[in-house]
Structure formats: structure tokens, C-alpha cells
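Data first, discussion second: the structure below is written as C-alpha cells.
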Amino acid sequence: MSQSGFSPVPRRSVSDEVFAELRDAVLTGRFAPGDSLPPERELAASFAVNRHAVREALQRLQLAGFVRVVHGGGTTVLDVRSTAGLDLLAHLARSGDGLDPMILRDGLEMRRCIGIEASRLAATRAAEPARASVVAAAAAYGCPDIDDADRDFWLAVVEASGNLTFRLALNSLVHAIDGSPDVMDALLAGDRADLLPHAPLAEAIATGDAAEAARLADAILTQAVDVWASLTDDGRTLDPMTKGA
């Protein structure tokens, strides 16, 4: 153990690598819903790993809603749109192909819906300390020593709403954003630059004006949806790095 009291961090495990390869194979359509994955023995030989690593990866895939493992009956690929949770967004962002443009649009629309209702609820039922946290978070936009004022602001709003499911959904969206930083930097540039100031929204929450809070949140969060539309070709492609974003 080092002098700091921490132990060395282990490198990425073999089962992590197998999980990522199989996850990407499902997400890219190499294995379609209803298909059977190769047997454990064959997968172990293909990956040049032991069967324990393959079994562990398959168990993780099953927990994530990608496959169904039947003891003695093989592993069947599931339709992740019907079986996976919001964590699928993070998996899509980490896959080899990244996030599909339409998935990006859907995520931005969900972000807008959560933000609008969270703002309304925060204005309606937040305690005074939570309202003050929202106001302080809005004041942090433009501060050079704060790296992610936009993320901090919406986390404060969602916390103030008191809705746990909103927070869990926002966590999944944040993981997806972190998985596609270049694209998300372009889509969220206006939000992060406080192009439509967040201070009036914070003030509406602080004073309990739920309707105004929802209206302002809608305007702010629609920015990214509009940028997405301006950077896509009917939803088929999204290349903000080559379109002057």
C-alpha cells in the first residue's frame, strides 16, 4: 500500500473487455434480437480467455438487458429497446459507433422534459436551502474556476425538485454526455455559455413562480434540440465538427 493509504488500481479486467466486445456486437446489429450467441467454450476460444471471464461478461450483459442466459440452453440476444433501462444510453455512447443521431435527439428531448418539470416542482415544493442552491448555481455561469456550471445548475434544480427518478434519469444522461464529449460540446455550447441566462429561471424557482420556471426552462433546454436539428441531415448524420458548430 502506498503512503497515501490507497492501493494500486487494477487494470481493466478481461471480462470487461469481453463484455465490451459482446455489447458492441449486439448494439451494431452483428447479433440481432432472437439470435443465439456462440457457446461459452467457443467464445472463450475466440477471445483467448478462460470460460469464467466469458461467463462473468454474459451475466453482466443479462443484468443490463442485452441477453437472456438459460442454464444449459444457451444465450439469446434481446431487443434492448424493450428490455434495457436508461443506462443503455451510456452503453451506446461507449460503443464503437457512438450515439446514433436520433438517439441524441431523443436524449436531448428527454433532458428538456425532465428540466421543465423539475423546474416546476422545484418552484412548487423546494425548501429554502434548495432554492438558494439553485440561485448560487446560476450565479456560477461564467466563473473561470468552475468547470461545469451547466451540469451543476441542472443537478441543483433536479435535487430541488425532490424527484429521485428525475435524478436517476439525469445521471444516465450525464453518463451518455460524457461518452460523446465532442458532439455534446457542440450541442450544449449555448447552454454552457449562458446564452439564455439561467439567473431568471433560478429567480422564478426561488420565488415559487412555477409557470414562469417551466417556461424559462423550456426556452433554455430547447436550444440544444434546435442545434441538433441544424446539424443533422434529416436525422441521418451528425457531424458538428465539420459544420462550423
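Can you tell me how much longer the chain between residue 46 and residue 178 gets when fully stretched, taken as 0.36 nm per residue apart minus their C-alpha distance, in nm with one decimal?
Roughly 44.4 nm would be gained on extension.
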> Where in segment 31-51 is the amide nitrogen less than 14 Å from a point lying 7 Å along the Cα-to-Cβ axis of residue 62?
Replying inline: 37, 40
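Tell me the mean residue ellipticity at 222 nm calculated for the chain from its helices only (DSSP H runs of n ≥ 4, each -39500 (n - 2.57), averaged over every residue, nearest 500).
Values: 13 runs with 154 residues, N = 245.
The per-residue figure over the chain is -19500 deg cm²/dmol.
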> How much accessible area does residue 109 have with a 1.4 Å probe, in Å² rounded to the nearest 10?
Replying inline: 60
> For the chain, what's the relative contact order in percent, using C-alpha pairs closer than 8 Å and at least 6 residues apart?
Replying inline: 19
>> Using the Kirkwood radius over C-alpha pairs as Rh, can you work out the diffusion coefficient of segment 141-231 via Stokes-Einstein at 37 °C, viscosity 0.692 mPa s, in µm² per second?
In response: 235
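What is segment 101-195 by shape, rounded, prolate or oblate, if you read a ≥ b ≥ c off the alpha carbon gyration tensor as root eigenvalues and call it rounded for a/c under 1.5, prolate for a/b larger than b/c, and oblate otherwise? Before the final figure, lay out the partial values.
On the way: a/c = 2.15, a/b = 1.25, b/c = 1.72.
Oblate.
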> Let a ≥ b ≥ c be the square roots of the eigenvalues of the Cα gyration tensor of segment 164-212; is it rounded (a/c under 1.5), or, if not, prolate (a/b larger than b/c) or oblate?
Replying inline: oblate
> For segment 29-94, what is the largest minus smallest coordinate of the Cα atoms on each principal axis, given in angstrom and ordered from greatest to least?
Replying inline: 31, 23, 20
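Taking only protein heavy atoms into account and a 1.4 Å probe, give the accessible area per residue of the chain in Å².
Working: 13230 Å² over 245 residues.
Using a 1.4 Å probe on heavy atoms only, each residue of the chain averages 54 Å².
What whole-number value in cubic angstrom gives the convex hull volume per residue for the C-alpha atoms of the chain?
181
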> By per-residue mean of other Cβ atoms within 10 Å, what is the highest-first order of 221-230, 124-133, 169-178?
Replying inline: 169-178, 221-230, 124-133
> Within the chain, which DSSP H helices have Cα atoms that stretch 30 Å or more along the helix axis and a mean Kyte-Doolittle hydropathy of at least -1.0?
Replying inline: 101-125, 210-231
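Just how many % of Cα pairs in segment 188-237 lie over 16 Å apart, if you round to the nearest whole percent?
Details: 573 of 1225 pairs.
For segment 188-237, the fraction of Cα-Cα distances above 16 Å is 47 percent.
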>> What is the percent carbon and sulfur in the accessible area of the chain, measuring with a 1.4 Å probe over the protein chains and ignoring ligands?
In response: 54
> So what does the Cα-only Debye profile of segment 115-171 read at q = 0.31 Å⁻¹, as log10 I(q)/I(0), no solvent term?
Replying inline: -1.22
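The values are calculated or read from the model by the stated rules, or taken from the named source; none is laboratory data. Owing to the predicted nature of the structure, the values given are computational and were not obtained by experimental measurement. Neighbour counts run over all protein chains shown; Cβ positions are idealised from the backbone, glycine included. Side chains included, ligands, DNA and RNA excluded: accessible areas come from the protein's heavy atoms. Shrake-Rupley method; radii C 1.70, N 1.55, O 1.52, S 1.80 Å.
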